[in-house]
Amino acid sequence: MARRKGLTFYQKKKKVNMTLLKEIVSWIFWIGVSVFLALVVMYCVGMKTSVIGAGMEPCLYNGQSIFLNRLVYKVSSPKIGDVVVFYPNGNDKSHLYVKRVVATPGDKVQIKNGFLYVNGEVIDEYFNDKIAEAGLAENEIELNVDEYFVIGDNCNNSEDSRSANIGNIKKVYIIGKAWFKMAAGDSAMGLLD
């Protein structure tokens, strides 16, 4: 019997190519892992902000962009020397402040004769000049369990913990650690110490 040529409604079932299927599943898996890692990185360091004012010069300049590590202080606490980003008094309607931690919980802070004393020892490694205004630190301050004392590197041109409207910074007000700084018109990045 001869086969008819023309339309037919019966088609042969095609076999599934297992090698191709494994390749497709592999691609989907690795794309999923990549998207997950990208989201984690964006959450941890994806927040970008700009420095406002000259209070952190020469480390950071007015208008310079920085990236934050928002995860680090969820698993640890700020340390002396860290550059932190915070809202003053938790006021999220204010701009973000960028300052250096000079004292941690339990420390005693005082500014006398233009020098910062933390627990009776002079801390001068972050400042180029003597501190002209002691502000709140004229009298010794003892930091509570969750408080940090911050000062800008350009101490005589900085609004920081010495100011009554900022004061000691509570840990919950700290958004993250300044991690990377943009330089040369936002074309290069550098790691902050």
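Bear in mind that the values in this text are calculations on the coordinates, not laboratory data. Because the structure is predicted, anything quoted here is derived from the model rather than measured. Here the Cβ positions follow ideal geometry from the backbone for every residue, glycine too, while neighbour counts run over all protein chains shown.
Dividing the helix sum by the residues of the chain, where each DSSP H run of 4 or more adds -39500 (n - 2.57), gives a mean residue ellipticity at 222 nm of -5500 deg cm²/dmol. Each of 180, 149, 127 was scored by other Cβ atoms within 10 Å of its Cβ. Listed from fewest to most, they are 180, 127, 149.
Each of 87, 97 has some number of other Cβ atoms within 10 Å of its Cβ, and from fewest to most they run 87, 97. Counting other Cβ atoms within 10 Å as a rough exposure proxy, the listed residues 155, 59 run 59, 155 from fewest neighbours to most.
Among 154, 69, 144, the largest mean-square fluctuation in a Gaussian network model of the chain, built with springs joining Cα atoms closer than 10 Å, belongs to 144.
The relative contact order of the range 77-169, computed from alpha carbon pairs under 8 Å that lie at least 6 residues apart in sequence, is 27 percent. To the nearest 10 degrees, how steep is helix 18-45 against the longest Cα principal axis of the chain, on a 0 to 90 scale? It is inclined by approximately 10 degrees.
Only one item in (i) 58, 17, 13; (ii) 41, 21, 13; (iii) 27, 19, 16 matches semi-axes √(5λ) of the Cα gyration tensor in Å derived from the coordinates shown, and that item is (i). Taken about its Cα centre, the chain carries a charge dipole of about 2920 debye when Lys and Arg each add +1 at the Cβ and Asp and Glu each add -1 at the Cβ.
Counting only aspartates and glutamates at least 8 places from residue 130 when in the same chain, those with an alpha carbon closer than 20 Å to its own are 57, 121, 138, 140, 153, 159, 160.
When the Gaussian network model of the chain links Cα atoms closer than 10 Å, the mean-square fluctuations of 131, 31, 52 top out at 31.
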